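Written out below as structure tokens is the structure these notes cover.
The values are calculated or read from the model by the stated rules, or taken from the named source; none is laboratory data. Since we're looking at a predicted model, the values are computed, not measured. Cβ placement follows ideal geometry from the backbone for every residue including glycine, while neighbour counts extend to all protein chains displayed. The area values use the complete protein model at the heavy-atom level, side chains included, leaving out ligands, DNA and RNA. Shrake-Rupley method; radii C 1.70, N 1.55, O 1.52, S 1.80 Å.
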Amino acid sequence: MATRRALRTLNHLTTRRAHSTTSVSANELSHFSALASSWWDPQGPSRVLHLMNPLRHDFIASCLSEALPPPSASASSSASTSSTIPAPNPNTLRYLDIGCGGGIFAESLARSISASPTTTTATPTRAASITAIDPSTTLIKIARDHARLDPMVDAHLRAGRFEYKNCTLEDLIASLSSSSSQQASPSPSSSSSSSSSSSLPSSSPSISTPIVTAPAAPAPQKYDIVTLFEVIEHIESTPSAGISPQSFLTDCLRLVRPGGWLIGSTIARTFPSWLVNQVIAEAPWPIGVVPRGTHEWQKFVNPDELEGWVQEGLMRGADGVAKAGAAVLDGMRWKCVGVVYVPGLGWKLVPGSESWGNYFWAVRKGI
Amino acid sequence: MRSLVRSAARPYVCPSCQLGGLPARRRFASHSTPTSASPEIYDVVCVGGGPAGLGLLAALRASSATSKLKVALVETQDLQKARSWSLDARHYSNRVSSLTPSSVSFLQRIGVWDHVDTARAQPYQEMQVWDGETGSRITFDWSMESSPFEDMRTVATMTENSNLVRALLSRIAESGDENLSIFSNTTVSSISNGSEIPDGPDLSAWPILSLAPTNSSTSQPPKQIAARLLVGADGINSPVRRFADISTSGWDYDRHGVVATLSLSDLDPVHYSASIKTAYQRFLPALGGPIALLPLPNNNASLVWSTTPANAAYLKALPPRAFIAMVNAAFRLSMTDLNYMLRMERPASPTTASSPALDPHEDELTWRVQHTPQPRKPSQLPPLVTGVQEGTVASFPLRFRHASTYVSPRIALVGDAAHVIHPLAGQGLNLGLGDVAALAETVAYAATHGMDLGDILTLERYAGERFATNAKIGGACDVLHKLYNVPGNGPVAWARSFGLDVIDSVPFVKGLLMRGAQ
């Protein structure tokens, strides 16, 4: 057990050092960048993805109805100072969308942010802000350009409630860690974990510093909801370098506040999914609905594998924090529901169909 | 109008290119008039304040998912007048629609029906339809599906359009004026694509409407509004449809619908049930279309007679007594008799109703009906028409139109802008309300799922739901019109009568048809 844990730490360290290229595969990057020009074409190669998007909102709403992330200290304090009206704005959740691509989900989520900050009616997503990241410069540009076409989304972008960042998850964690260490003294919420971070230089942490962002690194600013739609199956797995979907998930979970959700969707690695996603969906026109080479079946993830990784990730993420090991799993919730594409009817949530192919999953971090 | 056409017409782009065709629109934007100030942005702008446009607005205001959307409606007519419309209980407008139960339940759902003056609306429970050439007959009622202990179910409810419009306006007013702009007495002087606002959003794919007061020569600059979703509820010559460059196909029937508000003789309680109201429709193949008498309250009825333009002109020019005689004749006499009567010389000077001399048309009817076999049950014929309300005899051309698509980026068409059908089944307004219900639902789904209301991915749901349905009903009416325009007793007449008899005698088929019509 001890050796395993040491190995795990080691993996993690190498992951951190490899930095901006860790979880992102060069092949995947070029594949999706090539699709960029047609990303927002409703009849284009990403049509199936566009059609799935409303279901992501449904699934998020179902997670929130099960357990709402508790109000954060900052949200409640700002609500109490900003207005004297007793009913606060119920839409306080901070979202992070990892691997946002051309912004299909991120933009739709931004649209769900209420335009009036004084509203007292809860929106289905309860979103207050969203940060969306993607490693592809081309796609981020597409996303930003498209966001300008909608005055409401554009206003959110200008107001900072909505933000696109062209970076990898690892970059984001690094920048958040450094910024949170900078803000360590004024921000009371980060004081619990910032003790060891004072030595961290604020500039270019990735290149010049030795390995300091170890598991005991300062907890970065966290999000109520982190989303990972159709991403995990595109993560490069290089065991020799210690890079795996597992380490990627661990990083994602680090960014989730206690009581918050990590929500994603992916494809199961089963015979029906191979048939549907590789043989049929990527078949030549008119049968296929997905561009050839979008998926690699070997990278698909089964629900039970994912659940295992998530549990492992939660434990790893808890390393160095007071509550550790299996104890962190106490308050966790796991949720999984299959989704099926019926030509002519579109996507339908079908509980129990997880192993046929596409499915939504969510994990709630214990408080 | 011509200049509007030119300024609004976009270069033709094939549908698939159009969907991804933002560059084409951007290029077009350079032609648009430069706007000094950025336009006011609305979520939904509806052009046209008829039943469809107002229905959409009322539906959006009624749903919690869409009540907060910023909406606008533009109408050339004075909506204040429509709001304060009123007639006494003895007079009825000649513009009447037969609302199906599903239309009524939609209006109830969105809280409009409470504002309808139901004393002026007449539900009917039975429909008598027969072929004037062969006598083949079909009776539509729900008696087969209702138990004897419940009231007979309604086939449809006759409602004056003005009554409905007034109710829609009251319902909209009741929803408050937050996020709502009604531009009454206002014309859309142009629609063009917007432009990129420096340090702001890029509106180059957004429709921008220039609004001007309808009757005004003041040179104040037109108001500019931008629409996330522009809804064309602006009728058969829809400017919105032209802006979107959506083509329509169709034809003119070369028929006119003659309408009038009539009063009927007191019902004979022996043959007519007091609780069951009946609509009557007789197909007159040799005269160009059916005549229908639809019940209104207080023993009044609304007439719709589809016939050739020549016959329509003849009928409209008849003095009241002759007109009444022609309507009564049309439900009772043979095609030959009717053709003769429609060619009789009209009296040189209109005889007054009080004149004791017998009207020549009345005279003809009286002796011809004695020599014409009549149905065994008197209730198979409508009661005699005894009066025509002054100023209600009018006619309108019958046309068939169907837009090639109902949606385009940031554009949706509803009602007559999308489809105009033959009125023989009384489905026109019902299709419009069906469109509106579906579009309001689509908008609500989009609003709760972070979708852009004007995005084609949002709108294709609406189009998918309505296009085939409307085409089917419009097509069925067209087929019926053609089938019942073949005169004589040839094979077509035999076949259609055989079909009618089969449908009438096989309850299963009839039930299926009636549910389909709902």
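Being closer than 21 Å to B:S181 by Cα, part of a helix (DSSP H, G or I) and touching a residue at least 24 places away in the same chain (Cβ under 8 Å), is that true of even one residue in region B:81-89? Among the residues of region B:81-89, at least one is closer than 21 Å to B:S181 by Cα, part of a helix (DSSP H, G or I) and touching a residue at least 24 places away in the same chain (Cβ under 8 Å), which makes the answer yes.
For A:D145, state whether it is open to solvent by 60 Å² or more (accessible area, probe 1.4 Å), over 22 Å from B:Y445 (Cβ atoms) and either aromatic (F, W, Y) or within 14 Å of chain B (Cβ to nearest Cβ) (or both). When the stated conditions are applied, A:D145 passes them. A search for C-beta distances below 6 Å between a residue of region A:311-324 that is among the charged types (D, E, K, R) and any residue that is at pLDDT 80 or above, counting only pairs 6+ apart in sequence or on different chains, returns A:R316/A:T250.
Against the condition touching a Pro at 6+ places or on another chain (Cβ under 7 Å), outside the structural domain of B:A325 (by the TED database) and modelled with pLDDT of 95 or more, how does B:G432 come out, does it pass? Yes; evaluated as a whole, the condition is true for this residue. The set of residues from region A:261-285 being closer than 30 Å to A:K365 by Cα and outside any strand (DSSP E or B) comprises A:A268, A:R269, A:T270, A:S273. Only one of the numbered conditions (1) open to solvent by 20 Å² or more (accessible area, probe 1.4 Å); (2) within 23 Å of the chain's Cα centre (by Cα) is violated by B:L264, and that is (2). Are any of the residues in region B:410-427 open to solvent by 20 Å² or more (accessible area, probe 1.4 Å), within 13 Å of chain A (Cβ to nearest Cβ) and modelled with pLDDT of 95 or more? So far as region B:410-427 goes, yes, one or more of its residues are open to solvent by 20 Å² or more (accessible area, probe 1.4 Å), within 13 Å of chain A (Cβ to nearest Cβ) and modelled with pLDDT of 95 or more.
Within region A:148-174, if we keep just the residues that are small (G, A, S) and either in contact (Cβ under 8 Å) with a residue 12 or more places away in the chain or on the phi > 0 side of the Ramachandran plot (or both), the residue that is surrounded by the most Cβ atoms within 10 Å (Cβ to Cβ) turns out to be A:A174. The set of residues in region B:195-213 that are charged (D, E, K, R) and over 20 Å from B:D455 (Cβ atoms) contains only B:D199. Would you please name the residue that is least open to solvent (accessible area, probe 1.4 Å), looking only at residues in region B:38-67 that are touching a Ser or Thr at 6+ places or on another chain (Cβ under 8 Å) and within 14 Å of another protein chain (Cβ to nearest Cβ)? Top of the filtered list is B:Y42.
Just one of (1) open to solvent by less than 40 Å² (accessible area, probe 1.4 Å); (2) out of contact with any Asp or Glu (no Cβ under 9 Å at 6 or more places or on another chain); (3) in contact (Cβ under 8 Å) with a residue 40 or more places away in the chain; (4) closer than 20 Å to A:H234 by Cβ fails for A:Y341. It is (1).
Among residues of region B:112-123 that are within 18 Å of B:A89 (Cβ to Cβ) and open to solvent by less than 20 Å² (accessible area, probe 1.4 Å), those with a beta-carbon under 7 Å from a residue that is at pLDDT 95 or above and acidic (D, E) at least six positions away or on a different chain give the pairs B:R120/B:E160.
When region B:470-496 is filtered for residues that are open to solvent by 30 Å² or more (accessible area, probe 1.4 Å) and either at pLDDT 85 or above or under 17 Å from B:A425 (Cβ atoms) (or both), the ones remaining, listed by number, are B:A471, B:K472, B:I473, B:A476, B:V479, B:L480, B:K482, B:L483, B:N485. Return yes when A:N53 is surrounded by 15 or more Cβ atoms within 10 Å (Cβ to Cβ), modelled with pLDDT of 55 or more and on the phi < 0 side of the Ramachandran plot and no when it is not. For A:N53, the condition - surrounded by 15 or more Cβ atoms within 10 Å (Cβ to Cβ), modelled with pLDDT of 55 or more and on the phi < 0 side of the Ramachandran plot - is met. crowded, with 19+ Cβ neighbours inside 10 Å, of a type in the set (K, R) and under 25 Å from B:N485 (Cβ atoms), is that true of B:R255? For B:R255, the condition - crowded, with 19+ Cβ neighbours inside 10 Å, of a type in the set (K, R) and under 25 Å from B:N485 (Cβ atoms) - is met. Residue-level analysis places B:F106 outside the set of residues that are more than 28 Å from B:T186 (Cβ to Cβ), in contact with a helix residue (DSSP H, G or I) (Cβ under 9 Å, 6 or more places away or on another chain) and either within 14 Å of chain A (Cβ to nearest Cβ) or not in a loop (DSSP other than H, G, I, E, B) (or both). A count restricted to region B:120-135 and to residues that are closer than 14 Å to B:N161 by Cα and either hydroxyl-bearing (S, T, Y) or not in a loop (DSSP other than H, G, I, E, B) (or both) stands at 2.
Residues are listed down the side, and each one gets a yes or a no for (1) within 20 Å of the chain's Cα centre (by Cα); (2) surrounded by fewer than 24 Cβ atoms within 10 Å (Cβ to Cβ); (3) at pLDDT 95 or above; (4) more than 9 Å from every other protein chain (Cβ to nearest Cβ):
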residue	(1), (2), (3), (4)
A:E107	yes, no, yes, no
A:A110	yes, no, yes, no
A:T118	no, yes, no, yes
A:T123	no, yes, no, no
A:I130	yes, no, yes, yes
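Any residue in region A:310-317 that is closer than 25 Å to A:S177 by Cβ and open to solvent by 40 Å² or more (accessible area, probe 1.4 Å)? Within region A:310-317, one or more residues are closer than 25 Å to A:S177 by Cβ and open to solvent by 40 Å² or more (accessible area, probe 1.4 Å). Based on what the data block shows, is B:G499 away from chain A (no Cβ under 14 Å) and buried (at least 20 other Cβ atoms within 10 Å of the Cβ)? When the stated conditions are applied, B:G499 does not pass them.
Residues that are in a helix (DSSP H, G or I), open to solvent by less than 30 Å² (accessible area, probe 1.4 Å) and touching a helix residue (DSSP H, G or I) at 6+ places or on another chain (Cβ under 7 Å) within region B:325-348 comprise B:A325, B:M326, B:N328, B:A329, B:A330, B:M335, B:D337, B:L338, B:M341, listed in sequence order.
Looking across region B:291-324, the residues that are open to solvent by less than 20 Å² (accessible area, probe 1.4 Å) and either in a strand (DSSP E or B) or of a type in the set (D, E) (or both) come down to B:I291, B:A292, B:L293, B:P295, B:L296, B:N300, B:A301, B:S302, B:L303, B:W305, B:S306, B:T307.
How about region B:365-383: which of its residues are in contact with a Leu (Cβ under 9 Å, 6 or more places away or on another chain) and buried (at least 17 other Cβ atoms within 10 Å of the Cβ)? B:L365, B:R368, B:P382, B:P383 - these are the residues of region B:365-383 that are in contact with a Leu (Cβ under 9 Å, 6 or more places away or on another chain) and buried (at least 17 other Cβ atoms within 10 Å of the Cβ).
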